[in-house]
Amino acid sequence: MLDTIFIGLSVGSILLLVALGLAITYGAMGVINMAHGEMVMIGAYTTVMAAIWLHLGIIWAIPLAFFVTALLGLLIEKFVVRQLYGRLMDTLLATWGIAILLQQAVRLEFGLSFFGLHIAGLGPGLQNVTVPAFLQGTVTIGTAQINSYRLFIIAVTIVMTLLTWFIMHRTSIGMKVRAIIRNPKMAAACGIDVQRVNALTFAFGSGLAGVAGVMMSGFKTVFPDMGTPMVVDGFLVVVVGGVGSLVGSILSAGILGQVDGAVAAVWNDVIARAVVFGFVILTIVIKPEGLFSYKGRR
Amino acid sequence: MKRLSSKSLIDIAFYAIFIIAILVAPRFLEEFGLNRLAKFLVYGILGIAVALSWGYAGILNLGQGLFFGLGAYMIAMSLKLSSATSLQQGSDKPVPDFMLWNAEPGSKTDLCCLNAGSFLWIPFQHQWFGILMGIVLPTLIALVVGLVIFRKKIAGVFISVITLSLVLLVRLLIIDAQPITNGWNGLTDLGTLAVGSVVFDPFSVETYYLVSISLALILILARLLTQTRAGMVLQAIRDDQNRVLYLGFDVPMYQVFFFAVSALIAGYAGMLYVLVAEFASPTFMDLSFSITMVVWAAVGGRASLLGACVGAVLINSIEASVSETKSLVEAWKVIIGLLFVLAVLYLPRGLAGLVHSGIDRLLERRNPYGTDVESTLPEEQAAE
């Protein structure tokens with residue numbers, strides 16, 4: 001029983017890391033970033049590359065992946081997303097195009113594979129990350145055997161969530177972001193440089209997804225398409241939780257993770273996913289503003 | 001009678017050229033090319049379905065594959081039962097081969113009780129039942145979903161999320177119901193549809209004409225539909241929903257109606273696809289396929305039925321010719337991604353928009369004080 005809950009929790013944690021980024025970018029900017037899943041993928045590849053080229057373990061890969069994906073997010077914001085503010089549907093489509101581009105960049109090794117050059121760690125194949133010894137094995141809590149890597153995921157998620165909460169609620173940039181979530185025009189009128197704050201928000205959200213990618217690389221194979229299901233899941237979490245609400249995202253990631261884990265334990269994985277989708281549809285129909293909505297931006 | 005403006009005359013000319021082009025194509029193509037073109041024309045029909053719901057109704061349906069897939073599965077079930085292999089499973093009645101592979105030993109070789117769900121296949125022994133269901137089921141589901149969505153005043157992105165979840169949900173259910181749907185593998189090894197003495201073999205000219213004439217009719221009917229009063233109201237709803245509501249129109253009914261029409265077209269396209277490609281599989285309900293349809297429409301022109309249709313045919317033709325060189329397959333995806341980003345950024349009205357503004361410029365030069373006002377893409381609603 002307890003181990004089922006823990007599996008659900010660790011699945012929920014990764015979902016949460018993905019969803020947190022989406023929640024702030026969607027909440028603050030009204031942008032649906034379909035390339036968010038590719039940030040997860042790139043985070044995972046950063047871990048693979050860091051191990052091969054820099055001999056760095058998974059712990060060091062976390063800040064590295066955060067930095068890489070945040071930088072990439074900044075570039076995407078500057079060259080594409082910025083052109084599309086206010087055209088909500090179009091951001092969804094343009095970022096889908098970017099997602100394809102990023103996948104192909106990894107698969108084709110930035111185009112070098114056409115010239116017969118290969119970069120170790122990239123390419124269309126599957127990659128693996130070895131988890132350091134101290135994260136392998138299990139920890140016994142009560143009667144349950146808990147995989148220690150799953151505990152590590154949960155711990156990292158808690159730290160990142162607290163960090164996000166701290167930035168959003170205790171720093172001046174966070175206050176600006178919250179102001180923009182409430183009312184972007186009014187925020188601009190009060191002298192907030194909305195464009196700059198948005199760019200940073202987007203970068204931070206992408207960085208969180210990169211960290212989620214590092215976590216995923218530890219227990220799943222890494223391949224160029226791995227991000228696509230993540231963005232769907234992350235987006236479902238955001239919608240169920242209520243747009244722009246951090247607490248909502250946290251709770252709904254927990255709920256969806258548990259629903260998935262519990263149904264998978266009783267029935268099977270496929271049905272578990274189906275139940276999650278059904279749950280999301282029901283939520284939108286019954287409470288379109290999300291379970292834990294945030295009054296504002298309306 | 002109202003005189004047609006030179007612009008709508010040009011529009012009609014474009015429709016005519018396209019329809020004539022697809023009808024005379026069999027004179028220039030051999031069997032294989034014809035089959036391939038038929039497949040692209042089916043995608044063209046899907047493009048029309050997307051343009052109708054996205055361009056005209058402002059509903060971005062990311063689950064159009066659901067209706068396409070359901071239409072495909074319905075007719076594929078009938079064709080599966082009419083295939084030679086289904087008749088040779090040791091029973092006097094047809095039984096799909098995959099059902100026997102996993103059947104309980106000793107169970108009766110009959111659709112009624114082979115496994116828990118096999119009785120669902122019984123009515124599909126009549127091919128017309130499969131064909132009817134291929135149209136009725138997608139439309140019915142769209143009506144129910146549409147009623148819930150639009151009565152509840154769910155709007156914008158949330159519609160996309162619901163339709164997206166729905167298509168993935170159904171896809172998983174089909175995969176999970178392996179005993180009756182053959183799971184991941186889908187339905188293959190199908191029979192051919194025969195109506196009277198005409199046999200719709202995938203490589204025959206008859207099948208091509210079935211597809212191309214269907215496309216021509218759907219294109220014309222959809223175009224006429226958008227010019228009816230209901231079509232006008234629909235476009236008004238897209239541009240400003242509240243205003244139409246205040247004018248006393250029953251907004252949800254119009255939206256539900258066009259949502260269902262779009263689903264019907266997609267379901268019909270699914271059926272044609274099975275005739276041309278001879279299989280139905282859960283990949284029809286992949287998220288990427290549903291989004292790909294939107295790409296076709298976006299590149300061709302979301303607000304133009306013909307544009308979206310041509311966009312679909314064009315992109316797929318290029319893709320097919322590029323895919324013959326193996327190393328270019330992956331490179332083609334890069335081009336698609338790039339094309340999509342650039343189209344959204346710089347050509348929000350797609351190729352059709354480009355052609356339209358070209359024509360406008362020509363007309364202006366001839367008649368500098370012309371009264372044609374360039375139609376502009378309505379500003380999409382900002383985030384609410």
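Here, each number is a calculation from the coordinates, and none is a lab measurement. Everything numeric in this text was worked out from a predicted model, so none of it was measured. Reconstructed Cβ throughout: ideal geometry from the backbone, glycine too, with neighbour counts over all protein chains shown.
General observations
- Distance between the 7 Å Cα→Cβ label points at B:R151 and B:F289: 3.1 nm.
- Stretch gain in nm, segment B:Q178-B:L143, where the contour uses 0.36 nm per residue and the Cα spacing is subtracted: 9.9 nm
- As an equivalent ellipsoid, the protein assembly as shown spans semi-axes of 41, 34, 25 angstrom, where each value is the square root of five times an eigenvalue of the C-alpha gyration tensor, largest first.
- Dipole moment magnitude, nearest 20 debye, chain B about Cα centre, only Lys, Arg, Asp, Glu C-beta charged: 960 debye
- Under-5 Å amide H pairs with A:T138, H placed in peptide plane, nonlocal only: A:S148
- Unsatisfied cross-links (Cα-Cα over 24 Å) in the set A:K78/A:K185; A:K176/B:K152; A:K78/A:K176; A:K78/B:K153; B:K39/B:K80: A:K176/B:K152; A:K78/B:K153
- Listed residues A:F110, B:Y268, A:N198: farthest to the positive end of the dipole of the protein assembly as shown (Cβ charges): A:N198
- Each label was represented as a point 7 Å from its Cα along the Cα-to-Cβ direction; for A:L291 and B:F32 these points are 5.5 nm apart.
- Each helix, a run of at least 4 DSSP H residues, gives -39500 (n - 2.57); summed and divided by the residues of the protein assembly as shown, these come to -22000 deg cm²/dmol at 222 nm.
- Look at where the Cα atoms of segment A:51-84 and of segment A:132-199 average out, and the two centres are 16 Å apart.
- Net lengthening on full extension, A:I52/A:D193 (0.36 nm per residue, minus Cα-Cα): 46.7 nm
- Built amide H within the under 5 Å cut-off of B:L193, gap 5+: B:F200
- Long-range amide H partners of A:N33 with built H, under 5 Å: none
- Separation between Cα centres of segment B:278-350 and segment B:1-53, rounded to whole Å: 17 Å
- Rounded to the nearest 10 degrees, the angle from helix B:64-81 to the longest Cα principal axis of chain B is 30 degrees.
- Cα-based convex hull, segment B:218-360, per residue volume (Å³, whole number): 152 Å³
- Neighbouring partner chain Cβ atoms per residue of A:265-274, average, 10 Å criterion: 3
- Cβ neighbours within 10 Å from other chains - mean over B:341-350: 4
- Rounded FRET efficiency, nearest 0.05, which uses the C-beta distance separating B:T85 from A:A265 and R0 of 35 Å: 0.35
- Compactness of chain A - radius of gyration and Dmax, Cα, Å: 18.9, 58
- Calculated SAXS-style log₁₀ I(q)/I(0) at q = 0.15 Å⁻¹ - segment A:151-298, Debye, Cα scatterers: -0.91
- The Cα atoms of chain B cover 82, 51, 48 Å along the three principal axes, with the biggest extent listed first.
- Inter-label distance, B:T228 to B:R366: 3.3 nm, where each label sits 7 Å from its Cα along the C-beta direction.
- Remark: mean inter-chain Cβ contacts per residue of B:214-226 equal 0, using a 10 Å Cβ-Cβ cutoff to other protein chain atoms.
- Scalar couplings 3J(HN,Hα) for segment A:75-90, obtained by applying the Karplus form with A = 6.51, B = -1.76, C = 1.60 to θ = phi - 60°, are 5, 4, 4, 5, 8, 10, 4, 4, 6, 10, 4, x, 10, 3, 4, 6 Hz; x denotes Gly and Pro.
- Rounded to the nearest 20, the size of the Cβ-charge dipole of segment A:1-115 about its Cα centre is 240 debye, with Lys and Arg at +1 and Asp and Glu at -1.
- 3J(HN,Hα) along segment A:41-48: 4, 5, x, 5, 5, 4, 4, 4 Hz, from the Karplus curve 6.51 cos²θ - 1.76 cosθ + 1.60 with θ = phi - 60°, whole Hz, x for Gly and Pro.
- Evaluated with a Cβ-only charge set (Lys, Arg +1; Asp, Glu -1), the protein assembly as shown carries a dipole of roughly 2000 debye about its Cα centre, given to the nearest 20.
- Cα long-axis angle, helix B:157-176 against chain B (0 to 90 degrees, to the nearest 10): 20 degrees
- Rounded FRET efficiency, nearest 0.05, which uses the C-beta distance separating A:L163 from A:L126 and R0 of 22 Å: 0.10
- Rounded tilt (10° steps) of B:350-366 against the dominant C-alpha axis of chain B: 30 degrees
- 3J(HN,Hα) from dihedral phi, segment B:34-46, Karplus parametrisation 6.51/-1.76/1.60, rounded to Hz, x for glycine, proline: 5, 4, 5, 4, 4, 4, 5, 5, 4, 4, x, 4, 4
- Exposed loop sites, defined as chymotrypsin sites (Phe, Trp or Tyr not before Pro) outside DSSP H, G, I, E and B with at most 16 other Cβ atoms within 10 Å, are absent from the longest region of chain A, namely A:1-218.
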